[in-house]
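The values are calculated or read from the model by the stated rules, or taken from the named source; none is laboratory data. Model, not experiment: these values are computed from the prediction. Using ideal geometry, Cβ is built from the backbone for each residue, glycine included, and neighbour counts are taken over all protein chains shown. Side chains included, ligands, DNA and RNA excluded: accessible areas come from the protein's heavy atoms. Shrake-Rupley method; radii C 1.70, N 1.55, O 1.52, S 1.80 Å.
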Amino acid sequence: MTPPAAPAPHKGPLPRGLRFAAFVCLVLSAFTGFFALSECLGLSQLEDPRNAANFSLVGDPVLDTRIAKAQISALEPLRESRALFLGALSVVCSLAFVSAGRLLRPDGLPLERMRRMLAGSTIAAALLRTIDGAQNAVVARRTGPVIAEALKTLPEFQGPTAASLELVAWLLPATTIALTALIAGSFAVLGQYFQSERVRQAISLSDGHLANEE
């Protein structure tokens, strides 16, 4: 008696998990790339006096100007390298956005090339976002004490609450590091996921399905 044949692998739309990962990558790369490009363009106007004049954190023009100048002073030594990394980050995020969009809506195109581009761009984005976060942490360490000192001069922060302002000096860089770990870590996990053998096989099956439809 002939044993029943094994069921043929399903050649259809991408698995739900893969589509969800592509959607997450689409959103993450869009926001990360947008903010990277915005900050990169802002660095070209770093000396513009309107930057300090329009900066508002505590609501006091004198204190806000003081904080803005401290931030600009911290950014100045990093200006060229930061512009380079932010520009590169915006480019790789654009590649990740396009390739993730193509995975979700292939329109008859082979997906393997998009998978490779998505995997490479997300790994590159994780590396560049880590460097960006390290530079952000340096700026936060330099501006945190200035913000804390500025807040101490406000009436609402006088008395017992003044002691809690010491937390600002380390809370600002700590928050920056945590955000970097979240975003860069997400890109790294997505990159490893799209490089996995499971995703390779799913893409191969989907490409075979698209070829058969043609």
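Got at least one residue in region 147-166 being open to solvent by 30 Å² or more (accessible area, probe 1.4 Å), under 29 Å from G33 (Cα atoms), modelled with pLDDT under 90 and out of contact with any Lys or Arg (no Cβ under 6 Å at 6 or more places or on another chain)?
no
Scan region 111-135 residue by residue and report those that are closer than 20 Å to L75 by Cα and buried (at least 21 other Cβ atoms within 10 Å of the Cβ).
Matches in region 111-135: L128, R129, D132.
Of the residues R142, R105, R115, which single one is at pLDDT 90 or above, on the phi < 0 side of the Ramachandran plot, out of contact with any His (no Cβ under 7 Å at 6 or more places or on another chain) and charged (D, E, K, R)?
R115
From the set of residues in region 69-110 that are of a type in the set (K, R) and open to solvent by less than 60 Å² (accessible area, probe 1.4 Å), which is nearest to Y193 (Cα to Cα)? Reasoning before the result, please.
Filtering region 69-110 for residues of a type in the set (K, R) gives 69, 79, 82, 102, 105.
Filter once more, keeping what is open to solvent by less than 60 Å² (accessible area, probe 1.4 Å): 79, 82.
On the way: R79: 34, R82: 29 Å.
Going through the qualifying residues, I end up with R82.
Got a number for residues in region 78-108 being free of Cβ contacts under 8 Å to residues at least 40 places away in the same chain, over 14 Å from A22 (Cβ atoms) and outside any helix (DSSP H, G or I)?
1
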